[in-house]
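These notes are about the structure you will find just below.
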Amino acid sequence: EGSPLGRASTLMDFEFDIKKKSLTTQIVIIGLIVAGSLYLCYPTEDSMRSYSRTWLRSGRRAIATASKSPTPFRVAWITVPDRTAAQKLSEGLVVENLAACVNTIPGLSSTYRWKDKIETDQELLLMVKTHESLVEQLIEYVEKHHPYESPEVITTSIEEGRKDYLDWISENVKIPTKPSSSQ
């Protein structure tokens, strides 16, 4: 009771309208989503404020050990209509080593123009961690396996991050090797 998640133990188990939450709760939830942390360990608003302070302190510590130059890593954002499509694409991208990790974020309401008509749909968002050299292959994979006629796939650079995490991404995707210059 009083918990922004109710009885749900993780954000994955709960879809909610973020506009109905307090500003503090909205900021914490958005921060956790952007950070890729989908588990809300402190489900009450008071403990979420405490968690927010802890998260910010630990974030400062993490930046101290972070890569300080632009990285070759990307986050791809892909919307999907349901959990079945989300699971199929997520597993396929990881199995094919096009992504090290895919987070599924529920509870989106998307409003857009499609074929001269305004549409609003409930969707899920995939947050895909990959390498810049794989973006084109990732897009091709999504185009081939996505249920939409014109799927959304947009990417953004990962400017900084914990070195250990960025190394983990490298170890879990198939980064193409450059041909040797001796040939």
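The values are calculated or read from the model by the stated rules, or taken from the named source; none is laboratory data. Owing to the predicted nature of the structure, the values given are computational and were not obtained by experimental measurement. Quick reminder, even Gly has a Cβ in these numbers, built from the backbone with ideal geometry, and neighbours come from all protein chains shown. The area values use the complete protein model at the heavy-atom level, side chains included, leaving out ligands, DNA and RNA. Shrake-Rupley method; radii C 1.70, N 1.55, O 1.52, S 1.80 Å.
Across 142, 135, the residue with the most accessible area heads the list, and the full order at a 1.4 Å probe is 135, 142. The relative contact order of the stretch 97-162, computed from alpha carbon pairs under 8 Å that lie at least 6 residues apart in sequence, is 29 percent. Using the Cβ atoms and a cut-off under 15 Å, what net charge is assigned to the surroundings of residue 150, where Lys and Arg are +1 and Asp and Glu are -1? Result for the local shell: -4. Cross-link pairs exceeding 19 Å in C-alpha to C-alpha distance, out of 88/163; 129/163; 129/174, comprise 88/163.
In this structure the stretch 111-176 gives 65 Å² per residue of accessible area when probed at 1.4 Å with all protein chains present. Using a 1.4 Å probe on the protein chains only, how many percent of the accessible area of the stretch 70-133 belongs to carbon and sulfur? Carbon plus sulfur share of accessible area: 50 percent. The residues neighbouring residue 136, those whose beta-carbon lies less than 14 Å from its own, together hold a net charge of -1 under the Lys/Arg +1, Asp/Glu -1 convention. The slack in the chain from residue 114 to residue 157, taken as 0.36 nm per residue of separation less the alpha-carbon distance, amounts to 12.7 nm. When the alpha carbon gyration tensor of the stretch 73-159 is reduced to an equivalent ellipsoid, its three semi-axes come out at 22, 13, 12 angstrom, largest first.
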